[in-house]
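Before any comments, here is the structure.
The values are calculated or read from the model by the stated rules, or taken from the named source; none is laboratory data. Everything numeric here is computed off the predicted structure, so don't read it as measured data. FYI the Cβ positions are ideal-geometry reconstructions off the backbone, even for glycines, and counts take in every protein chain you see. Heads up: the accessible areas ignore ligands, DNA and RNA and are worked out on the full protein's heavy atoms, side chains in. Shrake-Rupley method; radii C 1.70, N 1.55, O 1.52, S 1.80 Å.
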Amino acid sequence: MTQDYSKNVPPLTETGNQLPLTSNVATGDALTHSTPTLTAATPPEDALPDNFDPFQHLKQTYFPQHNAAVALYFNDLPTDWKPNIATARSSLKVACTITPDDNELLIAMRHRLFWDLLGYGNSNLIVYNGSTNDIAPPVAGHPKVYFYFSQDIASVPHGTARLDAEYSFRLVKETAATYTKAKATALATLIKEFFVVSGQGIQFAKGKNIYRYSDPMNGYRLMIYAHQETDALPVIQKMLECTETVYDENKLTTHEPLRDNTVTPTEQLVYEKEIIPPKFRPTANVRFRYAYLEIPLVKKPVYLVDTTSKHIPLVH
């Protein structure tokens with residue numbers, strides 16, 4: 001009797017490949033206990049459903065993402081917060097939050113208010129200074145605190161640039177390894193106490209005179225441009241209080257240039273255009289806007305306090 005070897009040969013796959021043998025073709029001895037079972041995959045559904053509404057689909061996809069970012073931005077409000085316009089923060093959150101009944105125009109306006117005008121779209125951008133390959137921690141790794149001031153836009157004369165100022169000191173008793181979020185939050189609380197009054201930053205008159213406060217042992221090498229000493233001194237003392245450093249009048253020096261800072265320079269030809277150069281160290285009030293912290297090896301600054309609502313600070 002002739003052996004029918006074809007019974008021991010597994011079938012071919014859909015692509016024409018031979019599956020592994022399950023028995024010896026010559027002897028009929030089993031090589032495996034069973035023959036693999038083939039299950040055809042269900043082809044994917046590559047068509048949109050009937051009556052598909054792209055706008056509703058976009059809304060259902062976008063709502064959770066946008067509103068989650070809004071909730072994070074306004075996380076200083078109570079966890080049981082209900083929509084209301086009793087305070088400025090609550091009113092802003094209501095205006096930014098997208099609701100299921102919103103039409104295209106409302107969604108676009110809420111998006112622009114939150115992401116563009118309030119600046120949330122820029123809050124997580126990383127700003128690189130110098131070479132991105134340089135990872136050496138500066139000044140032995142001590143964190144640095146910055147204070148930014150700027151002139152109220154309503155007080156800027158037409159055709160002139162808005163004045164601003166930035167001053168800083170180092171936390172020489174801390175390193176990147178010892179500094180924590182809890183310490184940063186405590187510092188932010190002090191900064192808010194000293195530099196923010198009734199929701200607005202304090203002001204001082206920036207001017208042509210230089211007031212230097214040098215205390216490198218405590219991390220201070222301040223150089224404040226102010227109109228007079230009574231303008232510079234409160235700023236210096238408040239920065240010292242942020243680290244509980246005692247003010248020492250012997251560490252303050254002044255420089256008062258004779259050059260007039262009220263004279264408007266004459267026009268100059270610059271790149272084929274006549275322009276008026278800025279005045280020499282003009283005098284104007286600048287207001288505290290925000291404070292941020294740079295920690296060695298951390299590329300994104302940590303915002304401590306922000307009165308502009310453009311960043312997400314540790315303390316509101």
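At least 2 residues being within 31 Å of the chain's Cα centre (by Cα) and surrounded by 20 or more Cβ atoms within 10 Å (Cβ to Cβ) is the threshold, and among the strands (runs of 3 or more DSSP E) wholly inside region 256-316 those reaching it are 284-294, 302-306. For region 157-181, a tally of residues being out of contact with any strand residue (DSSP E or B) (no Cβ under 8 Å at 6 or more places or on another chain), over 19 Å from residue 304 (Cβ atoms) and either among the charged types (D, E, K, R) or at pLDDT below 85 (or both) returns 5. Applying the set (1) within 30 Å of residue 183 (Cβ to Cβ); (2) outside any loop (DSSP other than H, G, I, E, B); (3) modelled with pLDDT under 95; (4) not acidic (Asp, Glu) to residue 238 leaves exactly one unmet item: (3).
So, in region 227-247, of the ones that are among the charged types (D, E, K, R) and closer than 25 Å to residue 293 by Cβ, which residue ends up least open to solvent (accessible area, probe 1.4 Å)? Per the criteria, the residue is 238.
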